[in-house]
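Participant: To start, I am sharing the structure in question, which I have written as C-alpha cells.
The values are calculated or read from the model by the stated rules, or taken from the named source; none is laboratory data. Because the structure is a prediction, the values reported are computed rather than measured. Cβ: placed from backbone, ideal geometry, glycine included. Neighbour counts: every protein chain shown.
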C-alpha cells in the first residue's frame, strides 16, 4: 500500500513560493537600480535647468532687439545703419555707456531702446555672468552687451552683419545656448569684428573669424552661437540682428 505524504507536498509548495518570492525581490531590485540610474543620467538636474532658463532669457532678449530693429527699419523705411542703440544700461567695466547714453534724441523713432522707438528695455545679465578679472576699464562689463559688425563664414554673404554680443557667460549657460542652436561644443575662435557704434554704412571689409578648423566648422553658417574668444578667454553669445 502506498502512503501519500501530505506534509511533504506542503513543504514542497512552500519551497516553490519562497523561491518565487526571492526571484521577485531580485527582479524588483534590478529594475529599481536601472530606473534610478536612468533617472540620474537622463533627467537634467537643477543646475542644468537653471542654465537652460538663463539661456532662454538671453535668446528672448536678443531676439526682441532683432525684431524691434526690423520693425523700425520697416516703419521708417531706413537701413539698419540709420538705427541707434544708445542706452544707459550697457556699460564698460569703467562705467561708461558703451553704446552711448540715451540723452534726448531729436528723432526717437530711430532708437531701438527708446520708449517712442523700438520700446525695448535694455537688460544686463550681470547676475548670471562670469567675472572678468583681466578686463580693463574700457572692456564691455560682464553680463552687458555691445554691438559689433561680424563676418561669420557662410552666414549670408561676405558682407558683415550687425550683431549683438552678450559678454562673460559661465560655461554651463554657454553650452545651454549652443544646444538651442544645434552646437555641442563651445568653439574657440577669434572674432575680428569692429564696433557698430558710430557707423553710418556697412563696413566694406570685416575679417572672418580665425581659429582651429573644428571650431570654424561649428560656427559656419550660424547666426547665433556662444563662443570662447581666443584672445581673451571670455565666453560671449553672438546674435546677428541682420544677415547681409
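Participant: Please pick out the residue among 170, 209, 203 that is in the same structural domain as residue 235 (by TED's automatic domain parsing), modelled with pLDDT under 95, closer than 30 Å to residue 101 by Cα and in contact with a helix residue (DSSP H, G or I) (Cβ under 8 Å, 6 or more places away or on another chain). Spell out the reasoning first.
Facilitator: On the way: 170 fails: modelled with pLDDT under 95; 203 fails: in contact with a helix residue (DSSP H, G or I) (Cβ under 8 Å, 6 or more places away or on another chain).
Result of the check over 170, 209, 203: 209.
Participant: Only one of 137, 163 is surrounded by fewer than 19 Cβ atoms within 10 Å (Cβ to Cβ), more than 14 Å from the chain's Cα centre (by Cα) and at negative phi; which? So that I can check it myself, show each step before the final result.
Facilitator: Values: 163 fails: surrounded by fewer than 19 Cβ atoms within 10 Å (Cβ to Cβ).
Of the residues listed, the single one that is surrounded by fewer than 19 Cβ atoms within 10 Å (Cβ to Cβ), more than 14 Å from the chain's Cα centre (by Cα) and at negative phi is 137.
Participant: Being more than 17 Å from residue 236 (Cα to Cα) and at pLDDT 90 or above is the filter here; which residues of region 134-159 pass it?
Facilitator: Of the residues in region 134-159, the ones more than 17 Å from residue 236 (Cα to Cα) are 137, 153-159.
Across region 134-159, the qualifying residue is only 137.
Participant: I've got another one for you. Which ones in region 59-69 are without any contact (Cβ under 8 Å) to a residue 60 or more places away in the chain and either over 13 Å from residue 122 (Cβ atoms) or assigned to a loop (DSSP other than H, G, I, E, B) (or both)?
Facilitator: Keep residues of region 59-69 that are without any contact (Cβ under 8 Å) to a residue 60 or more places away in the chain, which gives 60, 64, 67-68.
Answer for region 59-69, where residues must be without any contact (Cβ under 8 Å) to a residue 60 or more places away in the chain and either over 13 Å from residue 122 (Cβ atoms) or assigned to a loop (DSSP other than H, G, I, E, B) (or both): 60, 67.
Participant: Regarding region 221-240, can at least one residue be identified that is over 29 Å from residue 50 (Cβ atoms), assigned by TED's automatic domain parsing to the domain that holds residue 150, surrounded by 14 or more Cβ atoms within 10 Å (Cβ to Cβ) and in contact with a strand residue (DSSP E or B) (Cβ under 9 Å, 6 or more places away or on another chain)?
Facilitator: Within region 221-240, the subset over 29 Å from residue 50 (Cβ atoms) is 221, 231.
Remaining after also requiring assigned by TED's automatic domain parsing to the domain that holds residue 150: 221, 231.
Then keep just the ones that are surrounded by 14 or more Cβ atoms within 10 Å (Cβ to Cβ); that gives none.
No - not one qualifying residue is present in region 221-240.
To keep it simple, each residue is scored yes or no on (1) loosely packed, with under 15 Cβ neighbours inside 10 Å; (2) at pLDDT below 60; (3) on the phi < 0 side of the Ramachandran plot.
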| position | (1), (2), (3) |
| --- | --- |
| 10 | yes, yes, yes |
| 23 | yes, no, yes |
| 29 | yes, yes, yes |
| 47 | yes, no, yes |
| 52 | no, no, yes |
| 59 | no, no, yes |
| 78 | yes, no, yes |
| 89 | no, no, yes |
| 92 | no, no, yes |
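Participant: Just give me the residues in region 181-214 being within 24 Å of the chain's Cα centre (by Cα), over 21 Å from residue 230 (Cβ atoms) and surrounded by fewer than 13 Cβ atoms within 10 Å (Cβ to Cβ), in sequence order.
Facilitator: 182 - this is the single residue of region 181-214 that is within 24 Å of the chain's Cα centre (by Cα), over 21 Å from residue 230 (Cβ atoms) and surrounded by fewer than 13 Cβ atoms within 10 Å (Cβ to Cβ).
Participant: Now a separate question. May I ask you to say which residue of 178, 155 is assigned to a loop (DSSP other than H, G, I, E, B) and touching a strand residue (DSSP E or B) at 6+ places or on another chain (Cβ under 7 Å)? Reasoning before the result, please.
Facilitator: Details: 178 fails: assigned to a loop (DSSP other than H, G, I, E, B).
Sole residue among the options that is assigned to a loop (DSSP other than H, G, I, E, B) and touching a strand residue (DSSP E or B) at 6+ places or on another chain (Cβ under 7 Å): 155.
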